[in-house]
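Derivation of every value follows stated rules applied to the coordinates shown; laboratory data play no part. All values reported here derive from a predicted model rather than from experimental measurement. Here the Cβ is made from the backbone with ideal geometry for all residues, glycine too, and neighbour counts use every protein chain on show.
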Amino acid sequence: MSARKKPVPRVSKTKMPVTSPRRTAGVEPYLFFEGRCEEAIEFYRKTLAADVAFLMRFKDSPEPPPPGSPPVDGNKVMHATVRIGGTSLMMSDGHCGGRTSFNGFALSIRVSTSAEADRIFLALSAGGKVQVPLTKTFFSPRFGMVADRFGVLWMVIVMSEHQP
């Protein structure tokens with residue numbers, strides 16, 4: 001008696017539901033620098049030509065902190081938005097705990113030339129740690145990964161003509 005193989009289930013080819021712009025306006029990273037936000041803003045201004053679009057300190061909040069909140073230096077950054085190229089990056093000092101933890105994600109910065117990739121990668125690696133050296137790959141003329149001095153992981157990539 002031969003064993004019959006079970007039929008392989010077919011994958012549905014129905015279209016995924018399209019999200020309405022009213023439901024999702026966009027996704028933007030929000031990083032908590034635990035007391036080093038102003039230093040990070042200045043670093044990204046110098047290394048990535050980031051522009052500060054908004055900055056509010058805790059002392060400028062129109063409302064008092066919620067009851068039970070830990071005390072925070074009023075001069076620390078409550079909220080900031082910086083623009084890097086066409087992307088907004090939101091950031092804060094958070095609870096000013098002094099120790100950041102940026103795990104499980106990376107920020108990708110796409111550039112148009114190898115010279116630009118080299119410059120940015122070198123600047124981001126100052127005081128940081130290279131994870132993947134900047135090199136030619138099958139998908140890009142230059143690609144590398146570096147954790148900057150704050151622990152934020154960056155992927156620097158030169159766009160090739162085959163990438164969207």
> By how many nm would the segment from Arg110 to Phe54 lengthen if fully extended, with 0.36 nm per residue of separation less the alpha-carbon distance?
Replying inline: 17.8 nm
>> Based only on other Cβ atoms within 10 Å, what is the fewest-to-most ordering of Ser101, Ser125?
In response: Ser101, Ser125
> With Rg and the Kirkwood Rh both taken from Cα atoms, where does Rg over Rh land for segment 52-137?
Replying inline: 1.07
> Taking a point 7 angstrom from the Cα of Ser88 along the C-beta vector, which residues in segment 30-53 have backbone N less than 14 Å away?
Replying inline: 30-31, 51-53
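What is the extension gain from Thr81 to Ser101, computed as 0.36 nm multiplied by their sequence separation minus the C-alpha to C-alpha distance, in nm to one decimal? Don't skip to the answer; put the middle values down first.
Numbers: separation 20, 0.36 × 20 = 7.20 nm, distance 1.95 nm.
Going from the current span to full extension adds 5.2 nm.
May I ask you to compute the full-extension gain from Val27 to Thr137, defined as 0.36 nm times their residue separation minus their alpha-carbon distance, rounded to one decimal in nm?
Values: separation 110, 0.36 × 110 = 39.60 nm, distance 2.85 nm.
36.8 nm is the gain from fully extending Val27 to Thr137.
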> If Lys and Arg each add +1 and Asp and Glu each add -1, what is the summed charge of the other residues whose beta carbon sits under 13 Å from the beta carbon of Arg142?
Replying inline: +1
